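As structure tokens, the structure follows; a few thoughts come after it.
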Amino acid sequence: MLIVEPDADGLGRAVELLRQESVVAFPTETVYGLGAHAFSEKAIAEVYRLKNRPSWNPLIVHVSGVAEARGLAERWPDAANELAAQFWPGPLTLVVERARHLGAVGPRLETIALRVPAHEVALKLLEASGLPLAAPSANRSEGISPTTAEHVLRGLPDVPLILDGGPASLGIESTVLDLTGETPKLLRPGALGLRELREVTGAIALPDEVVDGAMRSSPGMGARHYAPKATVILAKDVREVEHGDLAGPVAVLSYESVEDFSDELVAEVLSVDPREYAADLYAALHRLDDAGVATIIVQAPPETEEWLAVRDRLRRAAAS
């Protein structure tokens, strides 16, 4: 595997691999993606193989602009126009009806999930390749999403090339909104908050629980997801968790001072601001895994809408 700079030479190598129906890891503003030609059965099969991804888990297709997205949709609702004008490029994925002349991307769905990423390297790669790119997070299925090229290298060593665009600025996946019904429906909370979306769409329906193995139109809906190697325990007050019987070493992940914790515990203290917390969450979990921690006691975030995406990721990371 090669980590390369996203200069003309690096982008040229990446484009060549994509056109050969291989895969390339590249940065977006959310997390690093494992890119492949979205309508190549060979390339998509390689994505699922490398990630050990369940066949029922769909993929998001990244495109370079609104016109390219519309070309992949059977119907492009007015809400899609309004949302794209407001939030693309950016961390918003729209689920619409798939154009009938196109094959399905992964599971045999009648829908397609589309996004225009807001990262210079991702947009350059999309434009240079001229391809729509399916790009799930560049990590093994259920694991922590990568926010640096080094995370990809450690998690998926068989990927032939990684474009290094530095740390992902948002650090958490896109928000996924389903526009196929009368009322827009949230499928996955993410980096774009519901408050901003409601200013454009009005009411938004909240997601239903989906059992693993059932078909769904968005990724990130599995019961266990975004999980480190260590066992994650969510607690309202981490000081009340008896850690003597837990597998060690034990770490604490908090957004408050950890001065009162035992000195033998590894501690990661993130921001009290939900956006800043989200931006460093996966990186912090990677750091704790790299430190050999066996158990992570996580201070449960507030039950407010601003923390919805973070709560979703931590709940799935803690699932058995």
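Each residue in segment 54-74 was checked for being at pLDDT below 95 and either surrounded by fewer than 20 Cβ atoms within 10 Å (Cβ to Cβ) or farther than 19 Å from E21 by Cα (or both), and 4 pass. The requirement of being over 24 Å from G155 (Cβ atoms), small (G, A, S) and either within 22 Å of the chain's Cα centre (by Cα) or not assigned by TED's automatic domain parsing to the domain that holds R195 (or both) is not satisfied by A294. Taking every residue in segment 37-52 that is assigned by TED's automatic domain parsing to the domain that holds A104 and pairing it with any residue that is charged (D, E, K, R) and buried (at least 19 other Cβ atoms within 10 Å of the Cβ), at least 6 positions away or on another chain, the pairs with Cβ-Cβ distances below 8 Å are V47/R53.
The values are calculated or read from the model by the stated rules, or taken from the named source; none is laboratory data. Worth saying up front: this structure is predicted, and the values here are computed from it rather than measured. Reconstructed Cβ throughout: ideal geometry from the backbone, glycine too, with neighbour counts over all protein chains shown.
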